[in-house]
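A short write-up of the structure that comes next.
The values are calculated or read from the model by the stated rules, or taken from the named source; none is laboratory data. Just so it is clear, the model here is predicted, and its values are computed rather than measured. Glycine gets a Cβ as well: all are built from the backbone with ideal geometry, and neighbour counts include every protein chain shown. What goes into the accessible areas is simple: the full protein's heavy atoms, side chains included, and nothing from ligands, DNA or RNA. Shrake-Rupley method; radii C 1.70, N 1.55, O 1.52, S 1.80 Å.
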Amino acid sequence: MENKMDFDVAIIGGGPAGLAAAVYAARGGMKTVIFEKALVGGQITTTADVENYPGFEDNMSGFDIADKMRMQAEKFGTEIKQENIKSIKLDHLNKLVETDSNKYNVKSVILATGANPRKLGVQGEAKYTGRGVSYCATCDGALYRDKTVAVVGGGDSAVEEAIFLTKFAKKVYIIHRRDELRAVKLIRQRAFENDKIEIIWDSIVKEVKGGDFIEKVELYNKKTKEISELELDGIFIYVGIIPNNELVKSVVDLDEQGFILTDETMGTKIPGLYAAGDVVHKVLRQVVTAASDGATAAFSAEKWTEENKDKF
Ligand code: NAP
């Protein structure tokens, strides 16, 4: 006997992964809902110019891309609910999404909750975000042609992005809190051999300073205890990212950083639970890969609900 189902698929998170999933799911005939507690669009809405999303040779803002995805998802019948999810019950054929105000029975769930860059948590960081402080060299690097920038962090991301930034910037500092990089040897070596890169060892950023735009950072050398100032046009923070996995972290497999492990269908180990976008373990976190994950997850959710249609 069929239970009363409110939706065929509940998509948690309204960034590019969730919106692309909704386009595919709703177009495929599934009764589709997106839950987004904040504004639809996710992290990409903070990027002024997206130069690398295929199909738009004139730059689009992140906000505009997300808005077009939203309209496309709604055109196919997606409902968007601005409700905060409290919990998800993920029994095989009886999934229950509980928000602050309602409960919904759904057949399948796509988790597209994204990730947030880890912040330094220092004075001036929030004030200058978008005005010299960035968490995405791929997005903003080209704005710093012939300028002086710094990258904070010593992992693969920080060092790789520092190398990427040398395509544009005339000088790239890497500010690292220890006296050796965490990045793998090959990446380290490339940085050491790059004339534009200078590493500032044993140092942490204490404060970001400027007028309307960033002008300098205050540094503290942990070994010498010296405080100094470094003039900069931009600073890129790469001290790790934090996946928004809270809703499912106790029931799915995660990598050591907390990103969700999925198979090639974007499936998790829970039947009918899929994950897509930045919350997933993957090598490239971009709008195009989020959209790709979302499409795959929706396709898989549709296939799974169809295969189990007599059991709901
Ligand atoms: P990560 O490996 O966790 O490195 C974070 C870096 O930030 C570390 O150097 C850490 O310093 C530093 N850090 C953390 N908190 C800090 C703070 N509050 N202030 C100053 N520095 C701080 O993160 P990731 O580089 O983003 O890489 C994440 C994962 O993706 C890793 O497994 C990495 O190997 C992988 N990845 C791989 C590739 C590739 O293979 N091409 C590219 C990118 C990322 P300490 O070293 O002192 O801890």
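Assorted remarks:
- The residues listed here are VAL239, VAL252; of these, the one that is open to solvent by less than 20 Å² (accessible area, probe 1.4 Å), under 29 Å from GLY114 (Cα atoms) and among the hydrophobic types (A, V, I, L, M, F, W, C) is VAL252.
Conditions tested, residue by residue: (1) modelled with pLDDT of 95 or more; (2) assigned to a strand (DSSP E or B); (3) at positive phi.
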| residue | (1), (2), (3) |
| --- | --- |
| MET71 | yes, no, no |
| GLY77 | yes, no, yes |
| ILE80 | yes, yes, no |
| SER87 | yes, yes, no |
| GLU98 | yes, yes, no |
| SER101 | no, no, no |
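- For beta carbons closer than 7 Å, sequence separation of 6+ or different chains, a first residue in the range 21-41 that is at pLDDT 95 or above and a second that is open to solvent by 20 Å² or more (accessible area, probe 1.4 Å) and in a loop (DSSP other than H, G, I, E, B), the qualifying pairs are VAL23/PHE76; ALA26/PHE76; ALA26/GLY77; ARG27/PHE76; THR32/GLY77; PHE35/GLU83; GLU36/GLN82.
- Only one entry of GLU207, GLU180, GLU229 meets the criterion of being more than 26 Å from the chain's Cα centre (by Cα), assigned to a strand (DSSP E or B) and in the same structural domain as ALA137 (by TED's automatic domain parsing), and that entry is GLU229.
- Filtering the range 205-236 to residues that are open to solvent by 30 Å² or more (accessible area, probe 1.4 Å), within 14 Å of the ligand (Cβ to nearest atom), touching a residue at least 40 places away in the same chain (Cβ under 8 Å) and in contact with a Lys or Arg (Cβ under 8 Å, 6 or more places away or on another chain) leaves only LYS222.
- Residues of the range 128-151 that turn out to be in contact with a helix residue (DSSP H, G or I) (Cβ under 7 Å, 6 or more places away or on another chain) and not in a helix (DSSP H, G or I), as a count: 4
- Leading residue by the ranking (most open to solvent (accessible area, probe 1.4 Å)) among those in the range 73-88 that are more than 12 Å from ALA10 (Cα to Cα) and basic (Lys, Arg): LYS75
- The range 153-185: number of residues that are near the ligand (Cβ under 9 Å from one of its atoms), open to solvent by 50 Å² or more (accessible area, probe 1.4 Å) and either farther than 21 Å from LEU143 by Cα or in contact with a Phe, Trp or Tyr (Cβ under 6 Å, 6 or more places away or on another chain) (or both): 7
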